[in-house]
Amino acid sequence: MNVTEILFWILSALAIASALMVVLSKNPVHSVLWLIMVFFAISGHYILLNAQFLFIVNLIVYAGAIMVLFLFVIMLMNLNTDTEPQKNKWLKVAGVVAGGCLMLVFVAALKSSGTQQVQMGEGNIGLIENLGKALFNEYVLPFEISSVLFLSAMVGAVVIGKKGD
Amino acid sequence: MWSFSKIANIIHEWLSQTFNVTWTTIIEMVIAGVAVISLFAVLGLVLVIMERKVSAWMQIRLGPNRVGPKGLLQSLADTLKLLVKEGMTPNGADKFLFNLAPFIAMMVAMLLLAPIAFAKDFQLWDLNIGVLYVSAISSISVISILMAGWASNNKYSLLGAMRSGAQIVSYELSAGLSVLAIVVLTGSLQLSEIVNSQANGWWIFKGHIPAIIAFITFIIAVTAETNRAPFDLAEAESELTAGFHTEYSGMKFALFFLAEYANVFIVCAIGATLFLGGWMPFHIGNWNGFNNIMDWIPSSVWFFGKTFFLIFLIMWFRWTFPRLRIDQLLNLEWKYLLPISMVNILLVTAMAILKWHF
């Protein structure tokens, strides 16, 4: 086994274990922190694939921004088992069934995709140069439209935030 | 002549002759880890005594002068004291997160060292998006602060952590934009290429006024990002006891302290790399004699000299400016720094396209 393989197995185990802990831990703050671990492990996989830009963007956007917002909100809400209304048993069963269905779809999709060999540490589509060229040549219109979408979301957030005045 | 890159090459060659590729990589990783940890230990000792001496000098007093010659061993004695002190964990705290938070803070600081070029050809990981890497990892440090503040189960700590979070998230924007100004001028995100582009002059001289504006916004923003006075609202003693680390004692407190100083060093190293040329010596046009003398000074001396100059600048801020209120702090970022750096980046882009820089 070379270093890349060892790292791959460590990262995969870490990702799966942390993902399980997101669901299993009782405290919502712990869940968010485990989710950050999942993002880190997945970012590690991006590095193994030589997709350094995706690695950074995954960290900036998810671990750095979205998860910090999650943490803010959850810490401020102070969710405790005694203050929060507990969900009834049937809701939990429904959740398990829904999640199981999603997993079934994923497994089916993976099975039909066929096996493909992934070359580790090679390939350069994830490098910023190639990604930038692809975004601004082939996909320039969708890219610009999605940025307008983000702008409208931002304006919407400001409007909702200003409602009180 | 001996240089860092030469020593690294000798070690690498010896290792690759003795072991196979996997073991060479693993042993080199271990060596790098040990080097980083010892660098942090030395940095902690040096920066603490430096801060106390600088503050004493600013306030016309003597500062520590009892332990060792001129008090130079004071920080060693302080470290010893912190090591033997009991690290308490409050009963109501979330024990796991409470004990984990200082280590996360340290880990983030250590990860940030990876792309920094300490001397010519001496860099742990020269990844092609070094600048983005630094801004991404430094945004993780807020998680450790939020963790510490929440896990302490103390209102002061939580308030301090929330303030610090708001502060870091907002000042990241103008720090990122001022870094982007240099990226636009260089046309590369790789730190080694940014250093190489300054061989004929540092960006702060070559980039005219926009580069100077970017430099000033960068220094202000990183002072805020490292939670240092005048932006140390996260640990404002007069209002919040000690902010997010109120409940910490002993070595766990020391780790937060060390992480703060390590972060100061790192942001100053980044500032020196981007604006002051990293390890590039100071050159003036065609003065060959002068340039040769400057080349004779080792590149590591240049790098550390520039970095420590910036650290001195940040310490100077700390001991001369009064602390800002939270509303002043957020106004400064959102109403002044952010618009200024946005206009500035337009100017820099125009300059880079029209080739007005040297």
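Here are some notes:
- Residue in the stretch A:65-85 that is at pLDDT below 85, in the same structural domain as A:LYS26 (by TED's automatic domain parsing), at positive phi and not in a helix (DSSP H, G or I) present: yes
- Qualifying residue in the stretch B:262-280 (condition: at positive phi, buried (at least 23 other Cβ atoms within 10 Å of the Cβ) and in contact with a strand residue (DSSP E or B) (Cβ under 7 Å, 6 or more places away or on another chain)): yes
- Verdict on B:ILE31 being open to solvent by less than 80 Å² (accessible area, probe 1.4 Å), within 14 Å of chain A (Cβ to nearest Cβ), β-branched (Val, Ile, Thr) and under 30 Å from A:ILE6 (Cα atoms): no
- Test for A:ALA51: is it within 14 Å of chain B (Cβ to nearest Cβ), of a type in the set (Gly, Ala, Ser), surrounded by 12 or more Cβ atoms within 10 Å (Cβ to Cβ) and in contact with a Gly (Cβ under 8 Å, 6 or more places away or on another chain): yes
- Among the residues of the stretch A:1-16, those identified as open to solvent by 50 Å² or more (accessible area, probe 1.4 Å), away from chain B (no Cβ under 11 Å) and without any contact (Cβ under 8 Å) to a residue 60 or more places away in the chain are A:TRP9, A:ILE10, A:ALA13, A:LEU14, A:ILE16.
- Selection from the stretch B:51-77 of residues that are part of a helix (DSSP H, G or I) and either farther than 23 Å from B:TYR248 by Cβ or touching a Ser or Thr at 6+ places or on another chain (Cβ under 6 Å) (or both): B:LYS53, B:VAL54, B:ALA56, B:TRP57, B:MET58, B:PRO69, B:LYS70, B:GLY71
- For the stretch B:109-132, a residue qualifies if it is open to solvent by less than 10 Å² (accessible area, probe 1.4 Å) and either in a helix (DSSP H, G or I) or within 14 Å of A:VAL68 (Cβ to Cβ) (or both), and the qualifying residues are B:ALA109, B:GLY130.
- Some residue of the stretch B:93-108 being modelled with pLDDT under 80, surrounded by fewer than 24 Cβ atoms within 10 Å (Cβ to Cβ) and assigned to a loop (DSSP other than H, G, I, E, B): yes
- For the stretch A:23-47, the set of residues classified as more than 12 Å from the chain's Cα centre (by Cα) and part of a helix (DSSP H, G or I) consists of A:VAL23, A:LEU24, A:PRO28, A:VAL29, A:HIS30, A:SER31, A:LEU33, A:GLY44, A:HIS45, A:TYR46, A:ILE47, listed by residue number.
- Taking (1) within 14 Å of another protein chain (Cβ to nearest Cβ); (2) buried (at least 16 other Cβ atoms within 10 Å of the Cβ) in turn, B:ILE26 satisfies each apart from (2).
- Counting only helices (runs of 4 or more DSSP H) that sit completely within the stretch B:142-212, those holding 2 or more residues that are within 12 Å of chain A (Cβ to nearest Cβ) and surrounded by fewer than 20 Cβ atoms within 10 Å (Cβ to Cβ) correspond to B:155-186.
- Verdict on B:LEU80 being part of a loop (DSSP other than H, G, I, E, B), open to solvent by 40 Å² or more (accessible area, probe 1.4 Å) and free of Cβ contacts under 8 Å to residues at least 60 places away in the same chain: no
The values are calculated or read from the model by the stated rules, or taken from the named source; none is laboratory data. Just so it is clear, the structure is predicted and the values come from calculations on it, not from any experiment. Note that we place each Cβ from the backbone using ideal geometry, even for glycine, and neighbour counts take in every protein chain shown. Accessible surface is based on the protein model in full, side chains and every heavy atom, while ligands, DNA and RNA are left aside. Shrake-Rupley method; radii C 1.70, N 1.55, O 1.52, S 1.80 Å.
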